[in-house]
1. May I ask you to verify whether residue B:193 is surrounded by fewer than 21 Cβ atoms within 10 Å (Cβ to Cβ), touching a helix residue (DSSP H, G or I) at 6+ places or on another chain (Cβ under 8 Å), under 29 Å from residue B:37 (Cβ atoms) and away from every other protein chain (no Cβ under 14 Å)?
2. Give the range B:242-262 a look and list any residue that's more than 27 Å from residue B:181 (Cβ to Cβ) and part of a strand (DSSP E or B), or say none.
3. So which residues in the range A:56-80 are in contact with a strand residue (DSSP E or B) (Cβ under 6 Å, 6 or more places away or on another chain) and part of a strand (DSSP E or B), if there are any at all?
4. Looking at the range B:122-155, which of the residues that are within 10 Å of chain A (Cβ to nearest Cβ) and part of a loop (DSSP other than H, G, I, E, B) is surrounded by the most Cβ atoms within 10 Å (Cβ to Cβ)?
5. Would you check which residues across the range B:267-286 are part of a loop (DSSP other than H, G, I, E, B), within 30 Å of residue B:187 (Cα to Cα) and touching a strand residue (DSSP E or B) at 6+ places or on another chain (Cβ under 9 Å) and list them?
6. Looking at (1) buried (at least 22 other Cβ atoms within 10 Å of the Cβ); (2) in a loop (DSSP other than H, G, I, E, B), which is the one condition that is false for residue B:161?
7. Name the residue that is nearest to the other protein chains (Cβ to nearest Cβ), counting only residues in the range A:85-100 that are in a strand (DSSP E or B) and in contact with a strand residue (DSSP E or B) (Cβ under 8 Å, 6 or more places away or on another chain).
8. Go over the candidates A:53, A:39 one by one and state the one that is free of Cβ contacts under 8 Å to residues at least 40 places away in the same chain and either more than 10 Å from chain B (Cβ to nearest Cβ) or part of a helix (DSSP H, G or I) (or both).
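Please treat every number below as a calculation from the coordinates, not as lab data. Worth saying up front: this structure is predicted, and the values here are computed from it rather than measured. So basically every Cβ, Gly included, is an ideal-geometry build from the backbone, and we count neighbours across all protein chains shown.
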């Protein structure tokens, strides 16, 4: 399997990196201390490879991006937010199975 | 789809019971397949309930304690080292009416089964109970949580409520006191079910206020929780409680819906096994861990029964040859 091409975002590069992508960006807000984040990370790596070109996966460690967390009202980990043309279009709190994530993505691709 | 090869053992679930069964059956060269479940933010997820905890202080072998998720990652690595195959999928249907047993994963449960197995070890564990109030599902992640370790961080300097009176409720309240300015522990009756050591710790914590004989009856807020309504169970009076977060820890129910009508269950919904054994009413199907344990419910007892299930499955398979 090819290596997953995943963006790592912080407060400093969040907006500019999201704007620079042509494809929709699915941002995973996570932290070291969050158990369910670990399972989700595996699924998102698979999606990054399988859907390369259709969607870009990005990760935000909430400990390193406090302003972004407040701006996007993240209240739960993990939380995924899908950005299309730089705007948030869907917010998915909680870890989800692969089928559910792909279904939500397909609405916006 | 081509006929799937028949596996010796399929293990459904990946908490301490499932992964211990995987370690033992892998070491016995049975090449177990573990269907570990799908990511979720409830206790029903890969790694099981310990994925939602922080320090585990009572698992033997770790004198300084160990982080729950780290412990479970180690269980998994140990099983994989001996050749267990772990898949991040959820079993969606099983047919135990004839051998080989049939297992489906994913949403299509009408077609051919995904896997066939000579024996099955059920270790699907238990999942968090919710209060069953209006809008509960849509508010999860918007101020309502079943995972203090995931979400506590976002309630720094805020006032929050924890619902429940058992060990897990008190553990959550203690953990949340690192972040929140005040924690109301809503306890339905006038006593706690929690162990004495946890009660002593909670009572000694200045940030935790226990509200006895109190039930949460309504979530208030449009897009996220702004306050809740609580009921005094003695005089039935209703009042407002200004909290921005609510953490539910009122216990668990066994995850048995896959096996309804197939495996015998006790009146309380837990799977029934032969006394002192993990064998179920169906030969070749074994149950281990919290899905069949309504009494101990500890990581170490789950691991122990996972080992039992593996040994019983191994012997049963030998007898079939």
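1. Numbers: surrounded by fewer than 21 Cβ atoms within 10 Å (Cβ to Cβ): yes; touching a helix residue (DSSP H, G or I) at 6+ places or on another chain (Cβ under 8 Å): yes; under 29 Å from residue B:37 (Cβ atoms): yes; away from every other protein chain (no Cβ under 14 Å): yes.
Taking the combined requirement at face value, the residue satisfies it.
2. B:252, B:253, B:254
3. A:56, A:57, A:58, A:59, A:60, A:79, A:80, listed by residue number.
4. Looking at the filtered set, the residue picked out is B:147.
5. Kept after step one, since they are part of a loop (DSSP other than H, G, I, E, B), are these residues of the range B:267-286: B:267-270, B:272-278, B:280-284.
Imposing the further condition that a residue be within 30 Å of residue B:187 (Cα to Cα) reduces the set to B:267-270.
Of everything in the range B:267-286, those that are part of a loop (DSSP other than H, G, I, E, B), within 30 Å of residue B:187 (Cα to Cα) and touching a strand residue (DSSP E or B) at 6+ places or on another chain (Cβ under 9 Å) turn out to be B:268, B:269, B:270.
6. (2)
7. A:93
8. On the way: A:39 fails: free of Cβ contacts under 8 Å to residues at least 40 places away in the same chain.
Just a single option satisfies the conditions, and that option is A:53.
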